[in-house]
Amino acid sequence: MVATEHILQDLNPPQREAVTAVEGPLLILAGPGSGKTRVITHRIAYLVDQEGVAPWRIVAVTFTNKAAREMRQRVFAHLGDRALDVALGTFHSICARLLRVEGERIGLQRSFNIYDDADQMAVIKRVTEALNIDPKKFSDRAILSTISRAKSELVDARTYAAEARDYFAEIVARSYERYQALLAENAALDFDDLILKAVTMLQEHESIREKYEERYLHVLVDEFQDTNLAQYELARILAGGHGNICAVGDPDQSIYSWRSADIRNILNFERDFPGARIVLLEQNYRSTQHILDAAHAVISGNRQRTEKSLWTDRGHGEPIVVFEAYDEGEEADFIAGEIARLTGVEAGPGDPGEPAWALRDFAVMYRTNAQSRAVEEALIRAGIRYQLVGGTRFYERREVKDVLAYLRLVHNPYDMVSLARVLNVPGRGIGTKTVQQLERWAQALGVPLYTALQILVAQESPEKQQSRPPQAPRHPAAARQAKAVVEFVEMLDELMDVAAKNNLSTLLDGVVERTAYRRYLYGEFDDGEQRWENVEELRNVAAEYDGLAPGNGLVSFLEDVALISDQDTLQEAPDDAPDAGRVTLITLHSAKGLEYRAVFMIAMEEGVLPHVRSFDEPAQLEEERRLAYVGMTRARERLYLLRAFKRYAMGASQHNPASRFLKDIPPELIAQRSAFADGSPATTAGRYREPARVDARPLVPEDAVFSGGEKVRHPRFGEGIVVSCRVANGDQELTVAFKGEAGIKRLLLSLAPLERL
């Protein structure tokens, strides 16, 4: 048994209270950077070593695989191999394991596949086409999102149909019913099904519910503010027999209402769990006090919150930099220049004693993915390496999806989405028309597509005629296509035999070899070598599961891959990496749970952050404020808040005022830099101010003062040639092609100090 002092070592008093309060409901309100993961892992160790709780009687749930891995590693550091017995993972992985064991009670096959977003879209597309739904009126994405929200609220297809009150709801109801039927036909579940079906099973089967209530004596839920109704109900059921639930979260970081997260779950915890103890974690171990004070000033504008006063012993730190650019190009150039300056590309090392800056220390955060373009271009021009989180993820790349589809078919041949994907990949002469004919034939027979293919094999193979259903009509495929289908089914049967007797990497090798997939990549794609490297990387991942028994490795691998999130694709360079990593470009939503030495938040403008859709919705405006708070508290040492006077969006130039969140920050916390005066940044201190407006300057002539072809000079961009000049809103907008890297710029004459040559 580990000494109590060792477990509680280096914990501050509130953290110790949270770790040792083991009986009854407990709510830990943990501010950003307050050590909540440490508290959870130390609490698990305390339960096992000081309270004598068996590890298998503890379930700890979080939201991302990254968080679950970190938690597992820390628990392992305390408990060693005993940590393997703790049920620790994401909501989806915990429910997937539960359904693998108990799902047959509600009609699920143990070999069910888990459909990711792309698979779900493929299924819903089949649904809407079958129901003749006009995609111009009702998009597949809108229908799927509505179904997802219904499932997160524990509303099944039958209940949704009974409650439909308008035409769109009726469209969704019909789609929902057919969508679920196709999932069942494919022996597949989507992400929402994992939780919905687990909760439904526990609600409807008392023996199963009692089994897990008795097994899990302690329930720990991380990021409780992000739970939806289904996840909340799962936690409530598991803790129902004893009431030992520990919820950790922060209402100020609830930013996923669009995923059906319900902030009321954490705000109403005391009401729902009478007698709950509340512990506040307010000491921050991440950020400087200036950053914390600025973030607190922003979040204090919300009403739906519990007041916390974050503090740190890391000192006040640097002021918050508010940079006002002319346009998104200048905004991006400032970022590239500041990164170059701090990393020593253009200047010497920083202050004496200050650790050297590396590219991995920086993150650029934005409201939507589209806003990364200008930043990417600026970083490329500056020769600065970066990684884009939320772009095409590894597991969404075509070649990776192809190989995964084969593995999923080996695991579950009734997976129609995977079957349709690779039936003619690599090409076997089974065209789209043939696939559609076979699908219609399967529908007419009332059987899954794979069963229909087996019937085709029986019809084509004389030695298997005895297995042919007498009522089955002749398949529609031509002789050549039928032969290719027979060979495909026989290959799949062989791979199933390989899977039953060998480890996962051997199976993957068999897939690649039997399909001649490498030859296909090199022959069909100009970047075939790069695509093949992705397949080899997938094999490296698969090899990590080779220690599991044949079959078990495949199940675990497919489950883990299906539940991977954007954060799991982050590349973290080791300290001794020769290139010191890359700058991270990431949305504010994806950045939650991460931290960086310096953070740039761009487009701090009304209509962007906060988003224009939140203006008339108080609850949404509060979430926008929480989103800004989350971004600001990702920074450890330096925080840059940027906005542009003019920004191109939706194909037009927009002039948005500064974000109201900037005006919330006390002036003494800000060092302001503006690029409006003379084209070069100037640092000022004091209250945040609006940049000079066009109407505050002398009026310019109504006729254009520059003509196309004239040579001009700009103090920052150098020499250029005027492409065009037009009068616009009492000003003149010039398009100038500058020499060198500056390229083409659009400038307002009232702001741009241009000189004729």
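The values are calculated or read from the model by the stated rules, or taken from the named source; none is laboratory data. All values derive from a computational prediction rather than experimental measurement. Quick reminder, even Gly has a Cβ in these numbers, built from the backbone with ideal geometry, and neighbours come from all protein chains shown. For accessibility, only protein heavy atoms count, side chains too; no ligands or nucleic acids. Shrake-Rupley method; radii C 1.70, N 1.55, O 1.52, S 1.80 Å.
One table, with the values for the structure above:
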item: Single condition Ala118 does not satisfy, out of (1) more than 27 Å from the chain's Cα centre (by Cα); (2) of a type in the set (A, V, I, L, M); (3) surrounded by fewer than 15 Cβ atoms within 10 Å (Cβ to Cβ); result: (1)
item: Glu153 being without any contact (Cβ under 8 Å) to a residue 60 or more places away in the chain and surrounded by fewer than 21 Cβ atoms within 10 Å (Cβ to Cβ); result: no
item: Residue selected from segment 121-147 under the condition open to solvent by 40 Å² or more (accessible area, probe 1.4 Å), touching a residue at least 40 places away in the same chain (Cβ under 8 Å) and assigned to a helix (DSSP H, G or I), by the criterion farthest from Trp258 (Cα to Cα); result: Ala130
item: Criterion violated by Glu223 - all others in (1) modelled with pLDDT under 90; (2) under 27 Å from the mean Cα position of the chain (by Cα); (3) acidic (Asp, Glu) satisfied; result: (1)
item: Residue ID - least open to solvent (accessible area, probe 1.4 Å), chosen from residues in segment 55-89 that are touching a residue at least 40 places away in the same chain (Cβ under 8 Å) and farther than 16 Å from Tyr216 by Cβ; result: Met71
item: Options Asp526, Asp546: the member that is free of Cβ contacts under 8 Å to residues at least 24 places away in the same chain, farther than 19 Å from Leu492 by Cα and part of a loop (DSSP other than H, G, I, E, B); result: Asp526
item: The listed residue being under 30 Å from Val322 (Cα atoms), hydrophobic (A, V, I, L, M, F, W, C) and modelled with pLDDT under 80, out of Ala598, Ala573; result: Ala573
